[in-house]
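J.: Have a look at this one.
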Amino acid sequence: MGEAHRLPDLSGPILRVSGLKRFFDVSRPLLNRLLEGQPRQLLKAVNGVDFEIGEGETFALVGESGCGKSTVANLAAGLYAPSAGKIEFEGVDIATLSRRQMSPYRRHLAMIFQDPYASLNPRWRVQRIVGEPIRAFGLLSDRRAIARRTAELLQQVGLSPADGEKYPHEFSGGQRQRISIARALASQPRFIICDEPTSALDVSVQAQILNLMKGLQRRLGLSYLFISHDLAVVRHMADHIGVMYLGRLCEKGPADAIFSHPRHPYTRMLLDTIPDIEMTGRRRIPVSGEIPNPIDPPMGCAFHPRCPLANQRCRRERPELAPLSGGALAACHASLAGASWQPDAPPE
Amino acid sequence: MPGPLLQIAHLRIAFDTRRGNLVAVDDVSFDVHRGEVFGIVGESGAGKSLTGQAVIGLLEPPGRITAGRIRLEGRRIDNLPYARMRRLRGKQIGMIFQDPLTSLNPLYTIGRQLTETILTHRNMSHAQAREHAVRILSDVGIPAAEKRMEHYPHQFSGGMRQRVVIALALCVNPKLVIADEPTTALDVSIQAQIIALLKQLCEKHATAVVLITHDMGVIAEICDRVAVMYAGRIVELGTVRQVVKHARHPYASGLMGAIPSLRHRQERLNQIEGSMPRLAEIPAGCAFHPRCPEAFAKCRRRRPHLIEIQGAQVACWLYGEKA
Ligand SMILES: Nc1ncnc2c1ncn2[C@@H]1O[C@H](COP(=O)(O)OP(=O)(O)O)[C@@H](O)[C@H]1O
Ligand SMILES: Nc1ncnc2c1ncn2[C@@H]1O[C@H](COP(=O)(O)OP(=O)(O)O)[C@@H](O)[C@H]1O
Ligand code: SF4
Ligand SMILES: [Mg+2]
Ligand SMILES: [Mg+2]
């Protein structure tokens, strides 16, 4: 137990996640199972994920809906308990901490969600929303000091101190996301988990929020776990990237390496299928098929039914993440064997 | 030489509300040619969906057309009685919406929905209609189409449902399809499949498409020409290349710069300050002037109209007489 009170390790990564799993029991009620002779069903939303986030860095998780990104976010925030694995914040495994032991860490760890409206109490004035973490963590007690700090936070995110008097519904979507960023910053966190923070916003507003987040990161030395399904947004924000498919990382590495030389066929497919405004005029090869049911994922490599490179081995044996040249890791039998695949080659 | 398939001239759509008459679409004009894929792009609230709804006669009250004309093959369709508009909508104009469930009846098998649509609008026997339905289902990439005819909408995934809706929109060979954010609810890999499908089918049948989306990437991918809307007005209209690569209007070019690129990493995205005005607060003069880095005196006073510059159309005083 003394573990928890160990001094934080400031030399390593700010967050290290290893062997992380989270299963959901999605069985029908027991009686139905008995009557219909159905087994228990586990949905392996996150099924063995490892990554590290360095101080001041942005690590992005990208993948299509249902691949487990939000579950990882909730695990990292301590909102869900893992089914297995470790979540080390500055060297301390927060998954083993009690609520009370967790509280000193919680302050350093904030979260921003996709839907800013749902996460802001509609009956509170903005100043109360933004000031709440300051009170909850006992950072300041004097009312005037809290008001001063709240005004400063609002300015920091591009709102005016006078906006503190208003209620969330009086703001546009982008301004509401600024409010949730101000609230996230209130406890002076070192690490912010951002789950699709701009997915509900229009592009011009998204640009404002992404610029704001980058600026804050630079000024305050923040680390981000940044989750998005939008690869261009991820490209803009991330230093390192993990590509998720059905609860696992299929590729991981420096953003530049992954965008210039994607290795896993799923990453290549994602990059190849996105419509982009550069108008390269290339013919795309839309990959056939849809994401399989996560309750009953394919054997071997989960991507094999949709993969143009799949061979016998892929159907039997699950590939593990293995290092490739260029500093990235991919979990793919064919990529490791050096198989080539030219997404830009003309069809026919 | 026949004229354009669809002509929209000076369209205005307004709402009568307690706070007075709100103009949501104002002086919108464009033509769509046979077989063309015409894009309407803009941020939410720009008036894109209302424009599409006006064309298919599905504006919901209190919204109504208060000025302008809409013509299909030269004939006015903005003032047709309900029953005639309904027939036209099935036969000549197909529709695809963001949520496929709005176009599908949850209580009927998709086979029945397709067959009935075909029987209503085409001169076929029941057996022929059914056969045609199966063919079009497999054309839109639904495996085991024969068997899937017996299934209900909820038995399909989101991507497959949107394919069914495309089949439903195209099964009577319409001349025009209005597709409002058809891929917005789908994952990227599925989105790519649906875009490719729509493009291929419309090419094959020479069907024109008005594609409404907030996603410039989708526009760049499949459109021939595009109109950029802002606060109920078209601010720029041209070929996709003209608009994407050489946008002239400060809003259009600002928007292009705000989109993160997949190819290179910028330190900062271009930022347009502020946000689109609410309907009750659309500024006088150029609606974009409070956010425009180039605005000058005239922009605050007088509204710019679309003028032609090297084949594109732009509504901005930078390109007109400055005084
Ligand atoms: N509380 C839950 N109970 C059961 N299944 C869940 C729960 N939360 C998520 N899931 C399932 O876990 C998978 C991953 O979900 P999620 O992490 O939300 O994915 P993403 O954020 O990548 O879209 C999905 O199949 C989802 O349906
Ligand atoms: N029934 C309605 N009553 C009042 N305003 C409406 C109604 N429907 C749409 N609007 C307004 O009209 C404007 C344009 O809407 P819409 O065409 O749906 O925009 P877009 O599709 O470009 O996002 C928006 O400001 C919207 O709020
Ligand atoms: S008319 Fe004036 S305010 Fe409007 S976009 Fe052009 S320069 Fe800017
Ligand atoms: Mg999610
Ligand atoms: Mg719309």
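The values are calculated or read from the model by the stated rules, or taken from the named source; none is laboratory data. This is a predicted model, so every value here is computed, not measured. Methodologically, a virtual Cβ is constructed for each residue, glycine included, from the backbone with ideal geometry; neighbour enumeration extends over all protein chains shown.
J.: Looking only at residues in region B:162-186 that are farther than 22 Å from B:Arg34 by Cα and crowded, with 21+ Cβ neighbours inside 10 Å, which one is modelled with the lowest pLDDT? Before the answer, list the steps.
T.: Initial filter on region B:162-186 (farther than 22 Å from B:Arg34 by Cα): B:162-164, B:183-186.
After this cut, where a residue has to be crowded, with 21+ Cβ neighbours inside 10 Å as well, the list is B:162-164, B:183, B:186.
Values: B:Gln162: 91, B:Arg163: 92, B:Val164: 95, B:Thr183: 90, B:Leu186: 86.
Within region B:162-186, the match that is modelled with the lowest pLDDT is B:Leu186.
J.: Quick check on B:Met124: is it within 16 Å of ligand 2 (Cβ to nearest atom) and in contact with a helix residue (DSSP H, G or I) (Cβ under 7 Å, 6 or more places away or on another chain)? Break it down into steps so the answer makes sense when it comes.
T.: Values: within 16 Å of ligand 2 (Cβ to nearest atom): no; in contact with a helix residue (DSSP H, G or I) (Cβ under 7 Å, 6 or more places away or on another chain): yes.
For B:Met124, the condition - within 16 Å of ligand 2 (Cβ to nearest atom) and in contact with a helix residue (DSSP H, G or I) (Cβ under 7 Å, 6 or more places away or on another chain) - is not met.
J.: Among the helices (runs of 4 or more DSSP H) contained in region A:1-115, which hold 3 or more residues that are of a type in the set (A, V, I, L, M) and in contact (Cβ under 8 Å) with a residue 12 or more places away in the chain?
T.: It comes to A:69-76.
J.: If you go through region B:68-126, how many residues are free of Cβ contacts under 8 Å to residues at least 60 places away in the same chain, small (Gly, Ala, Ser) and part of a helix (DSSP H, G or I)?
T.: 2
J.: Follow-up. Does B:Gly39 fit the bill of being under 15 Å from the mean Cα position of the chain (by Cα), in contact (Cβ under 8 Å) with a residue 60 or more places away in the chain and not in a strand (DSSP E or B)? Talk me through it step by step, then tell me what you get.
T.: Values: under 15 Å from the mean Cα position of the chain (by Cα): yes; in contact (Cβ under 8 Å) with a residue 60 or more places away in the chain: yes; not in a strand (DSSP E or B): no.
For B:Gly39, the condition - under 15 Å from the mean Cα position of the chain (by Cα), in contact (Cβ under 8 Å) with a residue 60 or more places away in the chain and not in a strand (DSSP E or B) - is not met.
J.: Could you count how many residues in region B:265-295 are aliphatic (A, V, I, L, M) and near ligand 3 (Cβ under 8 Å from one of its atoms)? Explain how you work it out, then say what you get.
T.: Restricting attention to region B:265-295, the residues satisfying the condition of being aliphatic (A, V, I, L, M) are B:269, B:272, B:276, B:279-280, B:282, B:284, B:287, B:295.
Remaining after also requiring near ligand 3 (Cβ under 8 Å from one of its atoms): B:287, B:295.
Summing the residues that are aliphatic (A, V, I, L, M) and near ligand 3 (Cβ under 8 Å from one of its atoms) in region B:265-295 gives 2.
J.: Here are some residues: A:Phe171, A:Phe226. Which one is modelled with pLDDT under 95, within 14 Å of another protein chain (Cβ to nearest Cβ) and on the phi < 0 side of the Ramachandran plot? Explain how you work it out, then say what you get.
T.: Numbers: A:Phe226 fails: modelled with pLDDT under 95.
Matching residue, one of A:Phe171, A:Phe226: A:Phe171.
J.: Further question on the same structure: From A:Val234, A:Val243, A:Val205, grab the single residue that is within 11 Å of another protein chain (Cβ to nearest Cβ) and either basic (Lys, Arg) or touching a Gly at 6+ places or on another chain (Cβ under 9 Å) (or both). Steps first, please.
T.: Numbers: A:Val234 fails: either basic (Lys, Arg) or touching a Gly at 6+ places or on another chain (Cβ under 9 Å) (or both); A:Val243 fails: within 11 Å of another protein chain (Cβ to nearest Cβ).
The unique qualifying residue is A:Val205.
J.: Report yes if some residue within region B:273-284 is in contact with a strand residue (DSSP E or B) (Cβ under 7 Å, 6 or more places away or on another chain), more than 15 Å from B:Glu43 (Cα to Cα), more than 13 Å from chain A (Cβ to nearest Cβ) and not aliphatic (A, V, I, L, M); otherwise report no.
T.: Among the residues of region B:273-284, not one is in contact with a strand residue (DSSP E or B) (Cβ under 7 Å, 6 or more places away or on another chain), more than 15 Å from B:Glu43 (Cα to Cα), more than 13 Å from chain A (Cβ to nearest Cβ) and not aliphatic (A, V, I, L, M), which makes the answer no.
J.: For the structure I just gave you, tell me whether A:Ala60 is away from ligand 2 (no atom under 16 Å from the Cβ), under 29 Å from A:Arg218 (Cα atoms), within 12 Å of the chain's Cα centre (by Cα) and within 14 Å of another protein chain (Cβ to nearest Cβ).
T.: Details: away from ligand 2 (no atom under 16 Å from the Cβ): yes; under 29 Å from A:Arg218 (Cα atoms): yes; within 12 Å of the chain's Cα centre (by Cα): yes; within 14 Å of another protein chain (Cβ to nearest Cβ): yes.
When the stated conditions are applied, A:Ala60 passes them.
J.: Starting from region B:239-259, take each residue that is farther than 10 Å from B:Val314 by Cβ and within 11 Å of chain A (Cβ to nearest Cβ) and list its partners that are among the β-branched types (Val, Ile, Thr) and part of a loop (DSSP other than H, G, I, E, B), counting only C-beta distances under 8 angstrom and pairs at least six apart or across chains.
T.: B:Val244/A:Ile277; B:Tyr251/B:Ile272; B:Gly254/B:Ile272; B:Leu255/B:Ile272; B:Met256/A:Ile277; B:Ala258/B:Ile272; B:Ile259/A:Ile277
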